[in-house]
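Engineer: Pasting a structure below so you can have a look.
The values are calculated or read from the model by the stated rules, or taken from the named source; none is laboratory data. If you're wondering where the values come from, they're calculated on a predicted model, not measured in any experiment. Note: ideal-geometry Cβ built from the backbone for every residue, glycine included; neighbour counts use all protein chains shown. Heads up: the accessible areas ignore ligands, DNA and RNA and are worked out on the full protein's heavy atoms, side chains in. Shrake-Rupley method; radii C 1.70, N 1.55, O 1.52, S 1.80 Å.
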Amino acid sequence: MTTGEFTNKIRKLKSKTKRSKTIPAKKIKIVLIIIIFIIIILVGYNIYVTSKSQEMLKLESEKQTAIETLDKVFAKYPGDPEKIAFITRIQQAESTEEIHKVMNDARVYLQLKNYKDITIQQIKSMYGNFYSQSLKAQELVRKIMGANSIEEVDKIFKSVNIEEDIRNIIDNQIDRVLASGDEYYYVEINGKSKFMSKEEIEKYRNMWTLSELKTLSITPVSQLSTVAIKISAKQCGKLPHRNDIISIYSKDGSFVTYGIIDSSYVILSSISYSETKSVSTNLNEYGDSYSSSSSSSISYNLNNLPGVLHATVIGRLDYKTIKEKFGKYGDKLNKIEDDTQIFDENVDYLLIISIPSDKIPDIIQIDPKDMVFVVKSKRSKEQD
């Protein structure tokens, strides 16, 4: 082999080796595209993950805000079981829209609950102290608590005539009190008080307004407290009789209380009467004058009148005779004083008076000598 041929073979070999080590441009392009695609996917995934993470953080923040808001709107009802249910729904929410829906449901729920509470409070206010006595009122409240809408609450509320129900309750109470059979009653109404007969109460019960009836208090005289007061005749004039209504004032003119006479007595330990009569005579005979005079006295004393009564009780004196002699002593004394216009201010009376229990402290603080009695006669037929 010549030198020239050998050289040509060497060149061909080198050329072939160079071609075998060179990567085609097309393959390089494909590789680059794949690499770029992978990079894009990785970047996109990172962006997606980051975005999702931000969305989750935002959602968690919205949940926390919603729960805090829920705590505030449920401030009036911290123990309401529905509050826990709403919080659970918020925690399980997967979107802002779901959270908004839960909050809207909570507002609707609270609006209805507040309306129910306002309506129930209105019912209890209308009934006042009579609420616990009305089965209709309690059933009305039970139905309202179970209502599902404001419209349903209104319909239930209008289904009962509350004023009529209250009047029926009060009428039944009046009937029960009047069944005591007392002739007179101590009546308090609308801040005023007076003694009234059963007939007067029957007359006015249908004339009093509902607001007045709500303040009505009727106490039979037999259930009032009684006090015994010793006073002089000049403090009240005539001797009061049973069922006479009196107003008691202090000496400074301030009103103390009303009362009704349970019984009254003239206080006497003895009766004394004395009279002296003088008679004189002048005689003129034959120029001589003669005179004479004489006097006579009559005295009457009845001592220990209480002893007379006790002797009568044990049968030592005749009951009918004593009753005939001393019966209606106070009336007879008042009548003779009227007829003669001579008043014995030294006579004392013992009055047994029925008055409201809460007025007892006011009475005992005043000296009986400083009391003034104004009597309004209400004498019963049995005494006439």
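Engineer: Being open to solvent by less than 80 Å² (accessible area, probe 1.4 Å), of a type in the set (D, E, K, R) and more than 20 Å from ASN243 (Cβ to Cβ) narrows it down to one residue among ASP344, ASP318; which is it? Even if it seems obvious, please write down each step before you answer.
Structural biologist: On the way: ASP318 fails: open to solvent by less than 80 Å² (accessible area, probe 1.4 Å).
That would be ASP344, the only listed residue that is open to solvent by less than 80 Å² (accessible area, probe 1.4 Å), of a type in the set (D, E, K, R) and more than 20 Å from ASN243 (Cβ to Cβ).
Engineer: Still on this structure, I have one more. Taking only pairs six or more apart or across chains, which ones have beta-carbon atoms under 6 Å, a first residue in segment 204-230 that is in contact (Cβ under 8 Å) with a residue 60 or more places away in the chain, and a second residue that is among the hydroxyl-bearing types (Ser, Thr, Tyr) and in a helix (DSSP H, G or I)?
Structural biologist: Pairs that qualify, where the first residue is in contact (Cβ under 8 Å) with a residue 60 or more places away in the chain and the partner is among the hydroxyl-bearing types (Ser, Thr, Tyr) and in a helix (DSSP H, G or I), are SER225/SER357.
Engineer: Okay, next question. Which residues, counting only those in segment 248-258, are part of a strand (DSSP E or B) and open to solvent by 20 Å² or more (accessible area, probe 1.4 Å)?
Structural biologist: Scanning segment 248-258 gives TYR249, PHE255, TYR258.
Engineer: Show the residue pairs meeting these rules: Cβ distance below 9 Å; 6+ apart or different chains; first residue within segment 339-350 and in contact (Cβ under 8 Å) with a residue 12 or more places away in the chain; second residue assigned to a loop (DSSP other than H, G, I, E, B).
Structural biologist: Listed pairs, sorted by first residue: PHE343/GLY237; VAL347/LEU239; VAL347/LEU268; ASP348/LEU268; TYR349/CYS236; TYR349/LEU239; TYR349/PRO240.
Engineer: Mind checking which residues of segment 145-162 are within 24 Å of SER211 (Cβ to Cβ) and either surrounded by 14 or more Cβ atoms within 10 Å (Cβ to Cβ) or among the β-branched types (Val, Ile, Thr) (or both)?
Structural biologist: Once the filter is applied, which keeps residues that are within 24 Å of SER211 (Cβ to Cβ) and either surrounded by 14 or more Cβ atoms within 10 Å (Cβ to Cβ) or among the β-branched types (Val, Ile, Thr) (or both), segment 145-162 yields PHE157, VAL160, ILE162.
Engineer: Also: Could you please find all residues in segment 95-112 being free of Cβ contacts under 8 Å to residues at least 24 places away in the same chain, farther than 18 Å from SER149 by Cα and touching a helix residue (DSSP H, G or I) at 6+ places or on another chain (Cβ under 9 Å)?
Structural biologist: GLU98, HIS100, LYS101
Engineer: Against the definition (β-branched (Val, Ile, Thr), at pLDDT below 95 and closer than 16 Å to PHE373 by Cα), how does ILE245 come out, yes or no?
Structural biologist: When the stated conditions are applied, ILE245 passes them.
Engineer: Here is a further query. Within segment 155-178, how many residues are touching a residue at least 12 places away in the same chain (Cβ under 8 Å), farther than 14 Å from ALA137 by Cβ and charged (D, E, K, R)?
Structural biologist: So the count comes out to 1.
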